[in-house]
Amino acid sequence: MNNLETLQQTIKLIQRAYNNCPNPSLRGKSPNYVLFGVEDRFLSQKHNIPLEEKNDEDRCAELNQFRKEVPKILSENFKKYAAHFNKSKTDIQFDKNEEVLVKRPKHIKTETRYEGPFVVTKILGPTAYAIDMGDKHEIIHAERLKKYYRRNK
């Protein structure tokens with residue numbers, strides 16, 4: 001057996017172990033249980049963990065109840081992670097006729113990252129703006145725009 005086959009077998013074992021471990025975000029259930037309704041006996045046989053035996057009706061009732069709770073669990077986790085991820089994010093908003101700089105899609109180190117100033121001609125949505133770029137009009141996402149501050153001489 002070469003190293004590649006050994007690595008592939010090890011990855012399969014790790015994946016199987018992960019899918020059968022209780023996950024705190026799933027209220028102590030394993031991903032395998034959520035999908036298939038039964039705990040895989042892989043870890044219990046390997047480490048002599050006793051499994052409680054239930055009849056099929058009780059197991060189906062418990063699984064159906066848990067599957068009804070899954071959307072709520074996922075939305076709670078989504079809100080928790082979204083709050084953490086969006087902690088440093090701020091909405092970028094521009095007004096009509098405001099001057100902005102437009103970030104170039106690709107730039108060379110010696111060139112500036114932004115070109116402009118250009119004027120916002122129309123607000124198309126919370127993140128889309130129509131920009132008058134001299135001879136043409138373009139719709140540009142807010143992440144590519146930056147407020148332009150005029151220097152006083």
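Overview of results
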item	result
Amide proton proximity set for Lys29, modelled H, under 5 Å, gap of 5+	Asn23
Residues of type lysines that Lys136 reaches as a straight line, Cα spacing below 23 Å, ignoring anything fewer than 8 places off in the same chain	Lys96, Lys103, Lys106, Lys122, Lys146, Lys147
Protection proxy ranking, peptides 69-79, 138-148, average beta carbon neighbours within 10 Å, highest first	138-148, 69-79
Cross-link partners of Lys87 among lysines (Cα-Cα below 18 Å; sequence separation of 8 or more within a chain)	Lys79
Relative contact order %, segment 99-147, counting alpha carbon pairs below 8 Å whose residues are six or more apart	36 percent
Helix-only CD estimate at 222 nm, as mean residue ellipticity for the chain, using -39500 (n - 2.57) per DSSP H run (n ≥ 4)	-12500 deg cm²/dmol
For segment 71-88, Karplus couplings with θ = phi - 60° (6.51, -1.76, 1.60), whole Hz, Gly/Pro x	x, 5, 4, 5, 5, 4, 5, 4, 5, 5, 6, 5, 4, 5, 5, 8, 4, 9
The chain, dipole about Cα centre (Lys/Arg Cβ +1, Asp/Glu Cβ -1), debye to the nearest 20	940 debye
In degrees, nearest ten, helix 3-19 long axis to first principal axis of the chain (Cα)	80 degrees
Option label - log10 I(q)/I(0) by the Debye sum over Cα atoms at q = 0.09, 0.14, 0.18 Å⁻¹ computed here, alternatives (i) -0.34, -0.73, -1.07; (ii) -0.40, -0.73, -1.01; (iii) -0.64, -0.82, -1.09	(iii)
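None of the figures in this text is laboratory data; all of them are computed from the coordinates on show. Here the structure is a predicted model, which means the values were calculated and not measured. All Cβ positions, glycine included, derive from the backbone under ideal geometry; neighbour counts span all protein chains shown.
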